[in-house]
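Undergrad: Here it is, the structure, as structure tokens.
The values are calculated or read from the model by the stated rules, or taken from the named source; none is laboratory data. Quick caveat: nothing in here was measured; it's all calculated off a predicted structure. Reconstructed Cβ throughout: ideal geometry from the backbone, glycine too, with neighbour counts over all protein chains shown.
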2 protein chains.
Amino acid sequence: MRTAVAAGVDLCLANPGTTEMPLVAALDSVRGVRAVLGVFEGVCTGAADGYARMTGRPALTLLHLGPGFANGIANLHNARRAQTPVVNLIGDHTTWHLGADAPLTSDIESLARPVSSWVHTAKSARSLPSDLASAVRASLGPPGGVASLIVPQDCQWEAADGPAAPASAPGWGTPDEAAIAAASTALRGAAPAALLLGGRALCERGLRAAAGIANASGCRVLHETFPARLERGGDLPSFERLPYFPEQAIEVLAPLHQLVLAGARDPVSFFGYRDVPSRLAPEAAQVLELADPETDLLQALEALAERLGAPAEAPVADRDRVAAPTGELGVGALGQAVAALQPEGAIVMDEAATSGLAYAAFAAAAPRHTMLSLTGGAIGQGLPCAVGAALACPDRKVIAFQADGSGLYTVQSLWTMAREGLDVVAVICANRAYRILQVELGRAGIAEPGRQALALTDLAHPTIDWVALAQGFGVPGRRVESADALVEAFGRALAEPGPQLIEAVISA
Amino acid sequence: MRTAVAAGVDLCLANPGTTEMPLVAALDSVRGVRAVLGVFEGVCTGAADGYARMTGRPALTLLHLGPGFANGIANLHNARRAQTPVVNLIGDHTTWHLGADAPLTSDIESLARPVSSWVHTAKSARSLPSDLASAVRASLGPPGGVASLIVPQDCQWEAADGPAAPASAPGWGTPDEAAIAAASTALRGAAPAALLLGGRALCERGLRAAAGIANASGCRVLHETFPARLERGGDLPSFERLPYFPEQAIEVLAPLHQLVLAGARDPVSFFGYRDVPSRLAPEAAQVLELADPETDLLQALEALAERLGAPAEAPVADRDRVAAPTGELGVGALGQAVAALQPEGAIVMDEAATSGLAYAAFAAAAPRHTMLSLTGGAIGQGLPCAVGAALACPDRKVIAFQADGSGLYTVQSLWTMAREGLDVVAVICANRAYRILQVELGRAGIAEPGRQALALTDLAHPTIDWVALAQGFGVPGRRVESADALVEAFGRALAEPGPQLIEAVISA
């Protein structure tokens, strides 16, 4: 634990069991690591992701052998796609007990590898401090990633060497002049060109540099569909989001002859559809990478802007904030209400899925805020990630803009919000369906789904009472069924400290 | 799906996504496979386990790529330990899209292997029927196990060959005469001897044979600590359970010179503790296996009874059912109340953990019932397994005797109970703590846990309102705080059809 503190780690998101008791005790023997309990492991891993997205520093998770870890895999998958630094501490049986194949024995490494960029099983207590220092370093990348350290229980209870010094900071690589020159040529050429932003490019520095690049070169600027973290609103430049459905993305990219990737990957379809290619950019387009994942992307963007002769500060047009909606509570009014009321400095965790489609268009004109999104498609990230963001930024209001179906996967997050008094307003978009699957049934050519198929996309029989669920976990909740009621309830909830939940029942 | 029906599969526990849409549509194109939605994958896998424990036949699960599957791993770990047949259908990206490394791409086989005795990725639509027939056959063993079939989406939507015939039934092996003779010699010898029952031995035939063996040989009979399924009560013979804590189990086994295993493994400690051996039987004791896991255990037990000259029907002593308790609601009164009121033919899913400790002593005198228990230590099995048992046996009352901490992992099960109108009474043992961890802190030598350690075992701040959670998921609930109130509420709940929840707040 002293090694963790020395490496700048100050939070442990825990759902421990018997094999982690010595590590649990260690949390009190050292000052500086705050322990926060999640009553389901997906809460812990998703919160670690949210915390690190906001701080840039990994949190520890503390999880119970293979099955406990497995419950956290889905959100680690999202963290992996977000390139978030996370350090998992996973207890295991004592080394001499593993051969007994006791009931909880399993192949933890096989479970950990698909979501981890670094996996190691501790061999002794003595080397545990250096193992942890290596795990923290591995998590920091660049780029960031999930490090999983499996710790047999005897390695926890036996005497360790003194704390290990933090492993030397890896640091980001220097931009490649040739890549910058090539990007410059591509973007200022006569042929239609675009800059596609992703990852770390979506912070203030990156966005301002991109605005300068656009001004100087006349190129289009897009950003990836599901950013880990996007700064938005206020006087920040705002760019077009690459659409989710491949046909729409292909249409957006079709005119391009040049595509410069800045922290984004060469775009691919989220799923493989019949008669739709995996790659979305035109085959004939030239695709250039401004910086590889290990390179300092912001430095590269600023160098590109300078090379293009962009002004130091790009002018930003005034934007009128959208008004609060009235009347029926459709998806449009829902997005409008969130954008109209969200306070300065809010962190908006957007896992609203189909219910959030209207929001993005309004959000650019909202006050300055941070948006977090579902990076890996493993639903159930929103509420845990909001927990982590709130732990990271206690002085900022967190809005969990949350689809109802997705929210159920990790609904236990509400309890941690209540226990820690986190400043989260959860807006549950209650369309009472897996709406995206109703769309996808149609896309799969199933024009008239049968009774069972429809039932598998339906959450209305019986209706899920989110206000009762919130109450069950200790969070005050309200249900609203009109835009006016949402505006009133959302305004009130934002004015209160501590967690609040609003079930927004969506019409049609 | 026609292959599934032909192989005797009639239930699909589903939480599908985009990559499973063609399989979803197929559920309506064929009669005979009932689709049941779980709003979290752990509900589906735990229910498949419960269903197969009661029917002996595998259910299908239908899960969404690696992260969706991962959410079901913990309960598949329990199914693996229970040797339950389960067939997972896991969708994946179309074969030609996998190389694009789209956001939801992951190494599903690496995730599946630790819990599966059979893993296969379908290569084409044409071979999918025979792949499924192989999966069903693999799940049936002997012994039973988890079969995971990964199905890329194009293998779902393209044309398949006609349905495959069920793969030839494997069948149980013939008992080994030498093993029976050796067991007979061991048990009727003068040295202290015991028969340890587990697995399939714990059905009526096995128990009656064991009673005959005990009568004829004078041996002790024990059963494993966490049986997948135990028949109990009524006029069934009842045997001593091997204790959970290793020191107690070692004490029980210490006098033995001979230990004959019948469906149980050579007992090992659940966890590795300092100065406690992994193996629990005395080192000097001779341990014999009556039948290997592939052999017909019941035939072996009956052959052993016959060889020992046991009477065909062992006499069973009359047992007085315990009276309903009154007064304070401690762990004793809780177990007494369940045992006093449970109806003839109940299925009791016991994941009550420390709150269930008193129950077993009362349950032998209850009317005939089936007990299911947590086989793999991956908590959160109880409510899903109750779902599966109720789907398997609609004419029997299911009692989910459930610890509160464990119940939270898969609390979403309540919604499936409500949707399907399942006849489950959930008795939530609300001690508002991870009580076992408070015990384990002490066992780990942490005499005075610090503030953070205590907080990680505490579920009382804030209190979880289980009646509200039940309401949230559509299940009627009541809270009781005395033995009298529990008896009244439990009696009423048992008399009602459909799901009911009782939050039993445990004093001290």
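Undergrad: Applying the selection to the stretch B:103-116, what residues are small (Gly, Ala, Ser) and buried (at least 20 other Cβ atoms within 10 Å of the Cβ)?
TA: First pass over the stretch B:103-116, keeping only residues small (Gly, Ala, Ser): B:106, B:110, B:112, B:116.
Those that are small (Gly, Ala, Ser) and buried (at least 20 other Cβ atoms within 10 Å of the Cβ): B:SER106, B:ALA112, B:SER116.
Undergrad: Something else: Output the number of the condition that A:THR463 fails; it satisfies all remaining conditions of (1) without any contact (Cβ under 8 Å) to a residue 40 or more places away in the chain; (2) surrounded by 19 or more Cβ atoms within 10 Å (Cβ to Cβ); (3) touching a Gly at 6+ places or on another chain (Cβ under 8 Å); (4) of a type outside the set (Phe, Trp, Tyr).
TA: Unmet condition: (2).
Undergrad: Considering each of B:GLU302, B:GLU306 in turn, give the residue that is among the acidic types (Asp, Glu), closer than 30 Å to B:ASP176 by Cα and touching a residue at least 40 places away in the same chain (Cβ under 8 Å). Even if it seems obvious, please write down each step before you answer.
TA: Details: B:GLU306 fails: touching a residue at least 40 places away in the same chain (Cβ under 8 Å).
Of B:GLU302, B:GLU306, the one residue that is among the acidic types (Asp, Glu), closer than 30 Å to B:ASP176 by Cα and touching a residue at least 40 places away in the same chain (Cβ under 8 Å) is B:GLU302.
Undergrad: Identify, from the list A:PRO277, A:PRO227, the residue that is within 14 Å of another protein chain (Cβ to nearest Cβ) and within 25 Å of A:PRO175 (Cα to Cα). Full working, then the answer.
TA: Details: A:PRO277 fails: within 25 Å of A:PRO175 (Cα to Cα).
Step by step, each of A:PRO277, A:PRO227 is checked, and only A:PRO227 is within 14 Å of another protein chain (Cβ to nearest Cβ) and within 25 Å of A:PRO175 (Cα to Cα).
Undergrad: I've got another one for you. Within the bounds of the stretch A:102-111, is there any residue that is at pLDDT below 95 and either charged (D, E, K, R) or over 17 Å from the mean Cα position of the chain (by Cα) (or both)? Working first, answer last.
TA: Narrowing the stretch A:102-111 to residues at pLDDT below 95: none.
No, there is no match, as no residue in the stretch A:102-111 is at pLDDT below 95 and either charged (D, E, K, R) or over 17 Å from the mean Cα position of the chain (by Cα) (or both).
Undergrad: Could you check, for the stretch A:98-121, whether at least one of its residues is in contact (Cβ under 8 Å) with a residue 40 or more places away in the chain, within 9 Å of chain B (Cβ to nearest Cβ), assigned to a helix (DSSP H, G or I) and polar (S, T, N, Q)?
TA: Checked the stretch A:98-121: no residue is in contact (Cβ under 8 Å) with a residue 40 or more places away in the chain, within 9 Å of chain B (Cβ to nearest Cβ), assigned to a helix (DSSP H, G or I) and polar (S, T, N, Q).
Undergrad: To continue, here is another question. What are the residues in the stretch A:1-30 that are acidic (Asp, Glu), farther than 16 Å from A:VAL136 by Cβ and surrounded by fewer than 22 Cβ atoms within 10 Å (Cβ to Cβ), if any?
TA: Within the stretch A:1-30, A:ASP28 is the sole residue that qualifies.
Undergrad: Could you list, in sequence order, all residues of the stretch A:459-476 that are within 12 Å of A:MET417 (Cβ to Cβ), more than 7 Å from every other protein chain (Cβ to nearest Cβ) and not in a loop (DSSP other than H, G, I, E, B)?
TA: The one that is within 12 Å of A:MET417 (Cβ to Cβ), more than 7 Å from every other protein chain (Cβ to nearest Cβ) and not in a loop (DSSP other than H, G, I, E, B): A:ALA470.
Undergrad: Out of A:THR55, A:THR95, which single residue is surrounded by fewer than 20 Cβ atoms within 10 Å (Cβ to Cβ) and more than 14 Å from the chain's Cα centre (by Cα)?
TA: Working: A:THR55 fails: more than 14 Å from the chain's Cα centre (by Cα).
Step by step, each of A:THR55, A:THR95 is checked, and only A:THR95 is surrounded by fewer than 20 Cβ atoms within 10 Å (Cβ to Cβ) and more than 14 Å from the chain's Cα centre (by Cα).
Undergrad: Residues that are over 19 Å from A:GLY380 (Cβ atoms) and facing another protein chain (nearest Cβ under 9 Å): find the helices (runs of 4 or more DSSP H) completely inside the stretch A:37-95 holding 2 or more of those. If you could, list the steps in order and put the result at the bottom.
TA: Working: elements: A:41-55, A:65-70, A:73-82.
Passing ranges, in order: A:65-70.
Undergrad: Of the residues A:ARG419, A:ARG435, which single one is surrounded by fewer than 24 Cβ atoms within 10 Å (Cβ to Cβ) and touching a helix residue (DSSP H, G or I) at 6+ places or on another chain (Cβ under 7 Å)?
TA: Numbers: A:ARG419 fails: touching a helix residue (DSSP H, G or I) at 6+ places or on another chain (Cβ under 7 Å).
Result of the check over A:ARG419, A:ARG435: A:ARG435.
Undergrad: As an exercise: evaluate B:SER134 against (1) in a loop (DSSP other than H, G, I, E, B); (2) away from every other protein chain (no Cβ under 14 Å); (3) without any contact (Cβ under 8 Å) to a residue 40 or more places away in the chain and give the number of the one condition it does not meet.
TA: B:SER134 satisfies every listed condition except (1).
Undergrad: Another question about this same structure. Quick one: would you say B:ALA262 is in contact with a Leu (Cβ under 6 Å, 6 or more places away or on another chain), assigned to a helix (DSSP H, G or I) and either farther than 16 Å from B:LEU372 by Cα or within 14 Å of another protein chain (Cβ to nearest Cβ) (or both)? Lay out the reasoning, then the answer.
TA: Values: in contact with a Leu (Cβ under 6 Å, 6 or more places away or on another chain): yes; assigned to a helix (DSSP H, G or I): no; either farther than 16 Å from B:LEU372 by Cα or within 14 Å of another protein chain (Cβ to nearest Cβ) (or both): yes.
In short, no.
Undergrad: Looking at (1) surrounded by fewer than 24 Cβ atoms within 10 Å (Cβ to Cβ); (2) touching a Leu at 6+ places or on another chain (Cβ under 7 Å), which is the only condition B:THR410 fails?
TA: Exception for B:THR410: condition (1).
Undergrad: Just to be sure I understand, how many residues within the stretch B:27-46 are modelled with pLDDT of 95 or more and of a type in the set (Lys, Arg)?
TA: First pass over the stretch B:27-46, keeping only residues modelled with pLDDT of 95 or more: B:27-28, B:32-46.
Those still in the list that are of a type in the set (Lys, Arg) too: B:34.
Residues that pass the stated criteria total 1.
Undergrad: For the stretch B:341-376, how many residues are within 15 Å of B:GLY234 (Cβ to Cβ) and among the aliphatic types (A, V, I, L, M)? Steps first, please.
TA: The first filter runs over the stretch B:341-376 and keeps only residues within 15 Å of B:GLY234 (Cβ to Cβ), leaving B:342-348, B:362-371.
From the residues that got through so far, the ones that are among the aliphatic types (A, V, I, L, M) too are B:346-348, B:363-366, B:371.
Result for the stretch B:341-376: 8.
Undergrad: For the stretch B:150-184, give me each residue that is buried (at least 20 other Cβ atoms within 10 Å of the Cβ) and of a type in the set (Gly, Ala, Ser).
TA: Of everything in the stretch B:150-184, those that are buried (at least 20 other Cβ atoms within 10 Å of the Cβ) and of a type in the set (Gly, Ala, Ser) turn out to be B:ALA160, B:ALA164, B:ALA183, B:SER184.
Undergrad: For the stretch A:125-137, state whether one or more residues are crowded, with 24+ Cβ neighbours inside 10 Å and closer than 27 Å to B:VAL411 by Cβ.
TA: Checking the stretch A:125-137: not a single residue is crowded, with 24+ Cβ neighbours inside 10 Å and closer than 27 Å to B:VAL411 by Cβ.
Undergrad: Quick one: which residue in B:ALA403, B:ALA389, B:ALA358, B:ALA353 is among the hydrophobic types (A, V, I, L, M, F, W, C) and over 22 Å from B:ILE73 (Cβ atoms)? Can you show your working first?
TA: Details: B:ALA403 fails: over 22 Å from B:ILE73 (Cβ atoms); B:ALA389 fails: over 22 Å from B:ILE73 (Cβ atoms); B:ALA353 fails: over 22 Å from B:ILE73 (Cβ atoms).
Of the residues listed, the single one that is among the hydrophobic types (A, V, I, L, M, F, W, C) and over 22 Å from B:ILE73 (Cβ atoms) is B:ALA358.
Undergrad: When the stretch A:272-296 is examined, which residues are found to be closer than 20 Å to A:THR185 by Cα and assigned to a loop (DSSP other than H, G, I, E, B)?
TA: A:ALA281, A:PRO282, A:GLU283, A:ALA284, A:ALA285, A:LEU290, A:ALA291, A:ASP292
Undergrad: May I ask you to say which residue of A:ALA364, A:ALA400, A:ALA392 is at pLDDT 95 or above and surrounded by fewer than 24 Cβ atoms within 10 Å (Cβ to Cβ)? Explain how you work it out, then say what you get.
TA: On the way: A:ALA364 fails: at pLDDT 95 or above; A:ALA400 fails: surrounded by fewer than 24 Cβ atoms within 10 Å (Cβ to Cβ).
Unique residue meeting the criteria: A:ALA392.
Undergrad: Restricting to the stretch A:316-361, and then to whatever is within 24 Å of A:TYR409 (Cα to Cα) and β-branched (Val, Ile, Thr), can you tell me which residue is modelled with the lowest pLDDT?
TA: A:THR354
Undergrad: Is there a residue being among the acidic types (Asp, Glu), in contact (Cβ under 8 Å) with a residue 40 or more places away in the chain and outside any strand (DSSP E or B) anywhere in the stretch A:148-164? It would help to see each step written out before you state the result.
TA: Restricting attention to the stretch A:148-164, the residues satisfying the condition of being among the acidic types (Asp, Glu) are A:154, A:158, A:161.
Filter again for in contact (Cβ under 8 Å) with a residue 40 or more places away in the chain, leaving A:154.
Pick out the ones that are also outside any strand (DSSP E or B) and you get A:154.
Yes, the stretch A:148-164 contains a residue that is among the acidic types (Asp, Glu), in contact (Cβ under 8 Å) with a residue 40 or more places away in the chain and outside any strand (DSSP E or B).
Undergrad: Looking for whichever is surrounded by fewer than 18 Cβ atoms within 10 Å (Cβ to Cβ), acidic (Asp, Glu) and in a helix (DSSP H, G or I) here; the options are A:GLU328, A:GLU306, A:GLU302. Which one fits?
TA: Values: A:GLU328 fails: in a helix (DSSP H, G or I); A:GLU302 fails: surrounded by fewer than 18 Cβ atoms within 10 Å (Cβ to Cβ).
Selected residue: A:GLU306, the only one of A:GLU328, A:GLU306, A:GLU302 that is surrounded by fewer than 18 Cβ atoms within 10 Å (Cβ to Cβ), acidic (Asp, Glu) and in a helix (DSSP H, G or I).
Undergrad: Which count do you get for residues in the stretch B:160-175 that are modelled with pLDDT of 85 or more, hydrophobic (A, V, I, L, M, F, W, C) and within 21 Å of B:ILE90 (Cβ to Cβ)?
TA: Residues that pass the stated criteria total 2.
Undergrad: Among (1) buried (at least 20 other Cβ atoms within 10 Å of the Cβ); (2) more than 21 Å from the chain's Cα centre (by Cα), which single condition is B:ALA284 missing?
TA: (1)
Undergrad: Now for a separate question. Taking the conditions exactly as written (in contact (Cβ under 8 Å) with a residue 12 or more places away in the chain, within 10 Å of chain B (Cβ to nearest Cβ) and not charged (D, E, K, R)), does A:GLN452 satisfy them or not?
TA: Numbers: in contact (Cβ under 8 Å) with a residue 12 or more places away in the chain: no; within 10 Å of chain B (Cβ to nearest Cβ): yes; not charged (D, E, K, R): yes.
When the stated conditions are applied, A:GLN452 does not pass them.
Undergrad: Another question, if that's okay. Restricting to the stretch B:185-198, count the residues that are in contact (Cβ under 8 Å) with a residue 40 or more places away in the chain and either among the hydrophobic types (A, V, I, L, M, F, W, C) or crowded, with 23+ Cβ neighbours inside 10 Å (or both).
TA: Step one: filter the stretch B:185-198 for residues in contact (Cβ under 8 Å) with a residue 40 or more places away in the chain, giving B:186-189, B:191-198.
Keeping just the survivors that are either among the hydrophobic types (A, V, I, L, M, F, W, C) or crowded, with 23+ Cβ neighbours inside 10 Å (or both) gives B:186-187, B:191, B:193-198.
Final tally of qualifying residues: 9.
Undergrad: From B:VAL146, B:VAL119, B:VAL115, grab the single residue that is within 20 Å of B:ASN78 (Cβ to Cβ) and over 20 Å from the mean Cα position of the chain (by Cα).
TA: Values: B:VAL146 fails: over 20 Å from the mean Cα position of the chain (by Cα); B:VAL115 fails: over 20 Å from the mean Cα position of the chain (by Cα).
Result: B:VAL119 is the single residue among B:VAL146, B:VAL119, B:VAL115 that is within 20 Å of B:ASN78 (Cβ to Cβ) and over 20 Å from the mean Cα position of the chain (by Cα).
Undergrad: Free of Cβ contacts under 8 Å to residues at least 24 places away in the same chain and more than 25 Å from the chain's Cα centre (by Cα): does that describe A:GLU251? Can you show your working first?
TA: Values: free of Cβ contacts under 8 Å to residues at least 24 places away in the same chain: yes; more than 25 Å from the chain's Cα centre (by Cα): yes.
For A:GLU251, the condition - free of Cβ contacts under 8 Å to residues at least 24 places away in the same chain and more than 25 Å from the chain's Cα centre (by Cα) - is met.
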